[in-house]
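Novice: Here it is: the structure, laid out below.
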């Protein structure tokens, strides 16, 4: 009798572990389709709104523009223009007429805006949340949470276009950052010069080179 109970408990435990290890098939399918569509673009131009919701429920928003081409990107946010040619990053601070130059951190995708549309592809567990007639939502959880400032990311995805509608990041400090895509254009002609900062166009500027 004891042996039968032990066997039953072992089988139940094995079943639980097997179920826990299973991949969320629906979430995987959604993310695979999103990845396939996104990787088909040689370039991306997007406009988005970043909203920061604080713990007291107050909100701050700012509009931004992003261009990407492989690992190259140009990000325009209030007060800053950030350029990256795949090796070097220039952060031009407009009001201070200053540019900060540093090497691109290839090991830290969180600092690379060009990964916003593909960030889910590695380093995350995922779970299907919900859907309606127009969109689907998938939650991402970092595999190494100790290395991140957030605990959950929610991707809202257009069911027909297979494009990201919004990215919501739940931070460990209780704040929420949401990136809402206002416009998205793929495969535009973007010259490589768009991703390099032209220091000669800003005479008298201060330069801080951290390379």
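Where a number appears in this text, it was derived from the coordinates with a stated rule and is not lab data. Worth saying up front: this structure is predicted, and the values here are computed from it rather than measured. Positions of Cβ are generated from backbone atoms using ideal geometry, with glycine treated the same way; all protein chains shown enter the neighbour counts.
Novice: Obtain the radius of gyration and the Kirkwood radius of segment 24-209 from its C-alpha atoms and give Rg over Rh.
Specialist: Ratio value, two decimals: 0.98.
Novice: How far apart, in nanometres, would the label points at residue 158 and residue 201 be if each is projected 7 angstrom from Cα along the Cα-to-Cβ direction?
Specialist: The two pseudo-label positions are separated by 2.9 nm.
Novice: Moving on. Got the relative contact order for segment 58-211 handy, in percent, Cα pairs under 8 Å and 6 or more residues apart?
Specialist: For segment 58-211, the relative contact order is 19 percent.
Novice: Let me ask something additional. State, to one decimal in nm, how far the label point of residue 97 lies from the label point of residue 62, with both points 7 Å from Cα in the Cβ direction.
Specialist: 2.2 nm
Novice: Output the relative contact order of segment 38-140, whole-number percent, from Cα pairs under 8 angstrom with separation of 6+ residues.
Specialist: 15 percent
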